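The values are calculated or read from the model by the stated rules, or taken from the named source; none is laboratory data. On a predicted model such as this, the values are computed, not experimentally measured, just so you know. Here Cβ is always computed from backbone atoms with ideal geometry, including for glycine, and neighbour counts include all displayed protein chains. The protein model used for the area step is the full one, side chains on, heavy atoms only, and it has no ligands, DNA or RNA in it. Shrake-Rupley method; radii C 1.70, N 1.55, O 1.52, S 1.80 Å.
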Amino acid sequence: MAEDDNTPARRINRRRLLQGMGAAGVIGVAGCLDGNGDDDPGDDAADDAADDVDTDDDDDDDDEPADLSGIQEGGTLRIGVGANIDSFDPPYSTDTTSSSAQFFIFESLVASDTQGNYYPWLAESYELVETNDIDRTAYEEYMVSVAADEEGVLDAEGQIIVQHPEDDPIEEDEVRILTTEEAAEAVEDGTFGMQYRYELREGIEFHNGEELTAEHVVETARRYEGSDVSAQTFDSVLYVEEEDEYTVSIYAQVPDAEGEGQLPGFYIHSLEQAELEGGEVDPRQGNTPIGTGPYELVDFEDEQFAEYEKFDGYWLEEMGVDSLDWFEGDDEFPDGPVIDEIELEIIPDDSTRAGALQNDEIDVTSGLATATLDDFDASDDFIVETTETGGYTYIQYPANVEPWDDERLRQAVNHLVPREAIVENVLNGWGRPAWTDIPELAEESGTADAEALEERIRPLNEHDPERAEELIEEVEADGVEFPIEVQLETNSDNDDRVQLVELIAASMEESGYFETSVETYEWNTYTERVLNPEYGQEGHIACIGLSGTFNPESFCDALHNTANIGQCCNLQAISDPEFDEMVDAARFDIDVVDDDELRAERYDEIWDLLAERRYSSITHFGLTDAIMSNRVQNFSTHPFPESMYSFALHAPTEEQVIWMDDDEDDDE
């Protein structure tokens, strides 16, 4: 049966289409270019469009538990994805599609629900053992000195955990640093910001038969050193220590307001694969990924498909969902996913993927052009589920290249970004204009007053050609010659985003102050291009998307922190010491650990600073969408697209499970 189901979709995939949507958290969608771009619908039009979007959060029945009496076990879920799986190696990939493909296989010490609450997972329990009021200068006596070259690159071996905050690698020949080796000494002496202790569940089996122990956690952490996500991992992690066979402690450098969720963010590896070089946990390198998750990868063909089967020894099915101390759900809720097989079909072209769904070659997909969503939403044969995503689409300016180093010029272009037109005319209402930089799911801890923040920031983000002209005239008076030639760039395989960029370019052209061009690239080529640390010197405006976390820091830090140059998602090598200090103080400070209100106030100061310096323009908050046939029962979306399918398949945190309704086929 699996062979028959796969045949049509694979025939489509062999057409060698361009790689599609997926990003370092890319979720934003953009649609049709509306003429010359000067139709800017009023506030009411855009607000009405946003109100018309039917999201899961608006449903009256969301809090009602699903009827599980009709669950059917078995079957195959055929998922159509819009990009190739760049890597199966968690620390060495940052795009959404790769993460989605990995999450069927790998698991973490803790799990979260869609509201950002955390629960023990591979860990049976965890506790905050100790918090110490220190800053990073406390590690001075443990630090070693390393040479710094003219560009500030440090001659250091291994992962740099802490750089002395008083040292400047650009101005000084030597810099003091702390590596993992010295971090162990500091921990032994009791110098650390936080200690979380995790008691692991005994008897959890990897796909290769290994039993999970503390050693697996320690070796996994080592593999994250120097990886593609090292900056966002070791901004907080100091050291990981095995206390006994089933007990591990993770230490934070300083007090961390997000420590509970961020410290245990590793996807746990088998010992067999923990020693592999970066990127080698991948079938293309001869290594089938090994995890503790409910599914095993059984077949993969690059740029075409990936196939998974249920793992017979999945620990939660062996132990039972009642072994989760926090679970208080329905007795009928299954101990694991009920679907036996997953087929991930790689179909980059939006229209081809939509056709595959209509022709029953796949069961579910996401990220289609917004005009297509309307058609599926109107059909009785399909279901469209959406929720506002924990991310956004943005453009980022080459702030290190003249004349873009003048914030007035960046502010001017920001006033030429037609956010309401993007949502109304490009996205057909499937989104919300980004009047601030923070999505709704992070507002509780990311602002003291969301309404006041929007009231303060929105005027600085309105489409206002007159204000743009005033700012440009100020820049021109200082000797900058206009028109300025500038190239806007994005990935070619997302039709919506391409046309969003074209709309912004048209708006800039219409001002008379810019001569714009739009260049597009295949997805993997594009991400390799913009994540090159030298990209910021080319003078182009880049458009991409971000998928964050429940942590408000993720919506400012990734784009603008010096540590994220060359990683997700500081594309233009922005380095602003004042911003770096402010974002650090909003998360890594004993005062904000204990005072949520103070933390929110500090984030408000960050949003104000970014609105003034305008390194990036956030265009809109999109939707995590899933479009499926009626065979797919009880599907629920997730605010982060990379987690959507693994969450929908089985999530005890919210009693979420899907199954395939074979009766639908019989009715047809």
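Scan segment 262-282 for residues that are open to solvent by 20 Å² or more (accessible area, probe 1.4 Å), under 17 Å from residue 218 (Cβ atoms) and of a type outside the set (Asp, Glu) and the total you get is 4.
Filtering 256, 302 for residues that are of a type in the set (Asp, Glu) and crowded, with 23+ Cβ neighbours inside 10 Å leaves a single hit, 256. Among strands (runs of 3 or more DSSP E) entirely within segment 81-179, having at least 2 residues that are of a type in the set (Phe, Trp, Tyr) singles out 118-120.
Here residue 223 meets each of (1) basic (Lys, Arg); (2) touching a strand residue (DSSP E or B) at 6+ places or on another chain (Cβ under 7 Å); (3) open to solvent by less than 20 Å² (accessible area, probe 1.4 Å) with one exception, condition (2).
One residue alone among 655, 612 is over 30 Å from residue 526 (Cα atoms) and touching a residue at least 40 places away in the same chain (Cβ under 8 Å), and that residue is 655. When restricted to residues that are exposed (fewer than 14 other Cβ atoms within 10 Å of the Cβ), of a type in the set (A, V, I, L, M) and touching an Asp or Glu at 6+ places or on another chain (Cβ under 6 Å), segment 118-167 contains 1.
Residues in segment 180-191 that are on the phi < 0 side of the Ramachandran plot and outside any helix (DSSP H, G or I) were compared, and the one that is least open to solvent (accessible area, probe 1.4 Å) is 191.
Being touching a residue at least 24 places away in the same chain (Cβ under 8 Å) and either of a type in the set (Val, Ile, Thr) or open to solvent by 10 Å² or more (accessible area, probe 1.4 Å) (or both): is that true of residue 597 here? For residue 597, the condition - touching a residue at least 24 places away in the same chain (Cβ under 8 Å) and either of a type in the set (Val, Ile, Thr) or open to solvent by 10 Å² or more (accessible area, probe 1.4 Å) (or both) - is met.
Matching residues to (1) open to solvent by 10 Å² or more (accessible area, probe 1.4 Å); (2) more than 27 Å from residue 416 (Cβ to Cβ); (3) touching a residue at least 24 places away in the same chain (Cβ under 8 Å); (4) of a type outside the set (D, E, K, R):
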{"site": "524", "(1), (2), (3), (4)": "yes, yes, yes, yes"}
{"site": "527", "(1), (2), (3), (4)": "yes, no, yes, yes"}
{"site": "530", "(1), (2), (3), (4)": "no, no, yes, yes"}
{"site": "551", "(1), (2), (3), (4)": "no, yes, yes, yes"}
{"site": "558", "(1), (2), (3), (4)": "yes, no, yes, yes"}
{"site": "571", "(1), (2), (3), (4)": "no, no, yes, yes"}
{"site": "582", "(1), (2), (3), (4)": "yes, yes, yes, yes"}
{"site": "587", "(1), (2), (3), (4)": "no, yes, yes, no"}
{"site": "591", "(1), (2), (3), (4)": "yes, yes, no, no"}
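Every condition in (1) surrounded by fewer than 19 Cβ atoms within 10 Å (Cβ to Cβ); (2) more than 23 Å from the chain's Cα centre (by Cα) is met by residue 229 except one, and the failing one is (2). For segment 178-199, a tally of residues being out of contact with any helix residue (DSSP H, G or I) (no Cβ under 9 Å at 6 or more places or on another chain) and under 18 Å from residue 224 (Cβ atoms) returns 4. Of all residues in segment 200-220, those satisfying the criterion of being open to solvent by less than 50 Å² (accessible area, probe 1.4 Å), in contact (Cβ under 8 Å) with a residue 40 or more places away in the chain and in a helix (DSSP H, G or I) are 216, 217, 219, 220. The set of residues in segment 617-635 being within 17 Å of residue 104 (Cβ to Cβ) and either outside any strand (DSSP E or B) or open to solvent by 10 Å² or more (accessible area, probe 1.4 Å) (or both) consists of 635 alone.
Restricted to segment 82-117, and to residues there that are aromatic (Phe, Trp, Tyr) and touching a helix residue (DSSP H, G or I) at 6+ places or on another chain (Cβ under 8 Å), the residue that is surrounded by the most Cβ atoms within 10 Å (Cβ to Cβ) is 88. Evaluate the following for residue 375: is it open to solvent by 10 Å² or more (accessible area, probe 1.4 Å), free of Cβ contacts under 8 Å to residues at least 24 places away in the same chain, outside any loop (DSSP other than H, G, I, E, B) and closer than 30 Å to residue 422 by Cα? Criteria met by residue 375.
Within segment 592-609, not a single residue is in a loop (DSSP other than H, G, I, E, B), among the basic types (Lys, Arg) and out of contact with any strand residue (DSSP E or B) (no Cβ under 6 Å at 6 or more places or on another chain). Identify, please: which residue in segment 317-372 is without any contact (Cβ under 8 Å) to a residue 24 or more places away in the chain and within 20 Å of residue 648 (Cα to Cα) and is, among those, most open to solvent (accessible area, probe 1.4 Å)? Residue satisfying both the conditions and the ranking: 328. Just to be sure before I move on: is residue 250 open to solvent by less than 10 Å² (accessible area, probe 1.4 Å) and in a strand (DSSP E or B) in the structure I sent? Here the answer is yes, as residue 250 does meet what is asked. Picking from residues in segment 476-506 that are part of a helix (DSSP H, G or I), touching a Gly at 6+ places or on another chain (Cβ under 8 Å) and open to solvent by 10 Å² or more (accessible area, probe 1.4 Å), the one that is farthest from residue 401 (Cα to Cα) is 495. Taking residues in segment 489-512 that are more than 15 Å from residue 544 (Cβ to Cβ), and partners anywhere that are open to solvent by 30 Å² or more (accessible area, probe 1.4 Å) and assigned to a helix (DSSP H, G or I), the pairs with Cβ atoms closer than 9 Å and at least 6 places apart or on different chains are 495/351; 503/425; 507/465; 510/465; 511/465; 511/469; 512/469.
When 404, 435, 430 are screened for being closer than 18 Å to residue 560 by Cα and of a type outside the set (Val, Ile, Thr), only 404 passes.
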